[in-house]
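J.: What follows is a structure written as structure tokens; I'll ask about it next.
The values are calculated or read from the model by the stated rules, or taken from the named source; none is laboratory data. Bear in mind that the values here come from a model prediction, so they are computed numbers and not experimental data. Note that each Cβ is placed from the backbone with ideal geometry, even for glycine, and that neighbours are counted across all protein chains shown. Ligands, DNA and RNA are stripped out before the accessible areas are found, and what is left, the full protein with its side chains, is counted by its heavy atoms. Shrake-Rupley method; radii C 1.70, N 1.55, O 1.52, S 1.80 Å.
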Amino acid sequence: QVRLVESGGGLVQAGGSLRLSCTASGSIFSINVMGWYRQAPGKQRELVARITKSGTRQYTGSMKDRFTISRDNAYNTLYLQMNSLKPEDTAVYYCTASSAGRDYWGQGTQVTVSS
């Protein structure tokens, strides 16, 4: 079992920045891929970015230009640095981890970008 706890969400003005964190606990030794998804009101959940244990990163679309995913394996923590935020980035952001063939999800953290 893996438990994921996100933090760092909040309200920010357009053009601002936020840094999300996700701390993993439990069977962390077997975690390979970790990532961030988001779900805006009335929309499907979408992949933001993910990163393997060795550091290979994947981003969705234009978020690559504004967001940076990173991972500290020593502290079992995943980060998402979000810059130049736009109102359309408003969503609940979820941390995920893949371990031993199972996917785990955090409870989500709200990010609201005001115009």
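J.: Using θ = phi - 60° and the Karplus curve 6.51 cos²θ - 1.76 cosθ + 1.60, what whole-Hz ³J(HN,Hα) does each residue of region 11-24 get, with Gly and Pro shown as x?
T.: Whole-Hz 3J(HN,Hα) from phi for region 11-24: 9, 9, 7, 3, x, x, 10, 9, 10, 8, 10, 9, 9, 9.
J.: Sticking with this structure for a sec: Whose amide H sits under 5 Å from the amide H of Thr90, counting only residues 5 or more places off or on another chain, with H placed in the peptide plane?
T.: Val113
J.: Inverting the mean 1/r over all pairs of different Cα atoms, compute the Kirkwood radius of region 10-69 and quote it in Å.
T.: 13.4 Å
J.: Using +1 at the C-beta of Lys and Arg and -1 at the C-beta of Asp and Glu, which of Gly8, Asn73, Thr56 has the Cα lying farthest in the positive direction of the dipole of region 5-90?
T.: Thr56
J.: Once you list every other residue whose beta carbon is under 12 Å from the beta carbon of Leu78, what net charge do they have if Lys and Arg are +1 and Asp and Glu are -1?
T.: Combined, the nearby Lys, Arg, Asp and Glu give +3.
J.: A further question on this structure: Convert each backbone phi in region 86-93 into a coupling constant with the Karplus relation 6.51 cos²θ - 1.76 cosθ + 1.60 (shift: θ = phi - 60°), then list the ³J(HN,Hα) values in order as whole Hz, x for Gly and Pro.
T.: 10, x, 6, 7, 4, 4, 8, 9
J.: Where nothing but the Cβ of Lys and Arg (+1) and of Asp and Glu (-1) is charged, how large is the charge dipole of the chain around its Cα centre, in debye to the nearest 20?
T.: It comes to approximately 180 debye.
J.: For region 39-115, what % of the accessible area comes from carbon and sulfur atoms, probe 1.4 Å?
T.: The nonpolar share, carbon plus sulfur, comes to 45 percent.
J.: Accessible area per residue of region 37-85 at 1.4 Å probe, in Å²?
T.: On a per-residue basis, region 37-85 sits at 58 Å².
J.: For Val48, what residues show an amide H to amide H distance below 5 Å, using hydrogens built from the backbone and excluding near sequence neighbours?
T.: Under 5 Å from the amide H of Val48: Trp36, Tyr37, Arg38.
J.: With N residues in the chain, what two-decimal value do you get for its Cα radius of gyration over 2.2 N^0.38 Å?
T.: In units of the 2.2 N^0.38 Å rule of thumb, it is 1.00.
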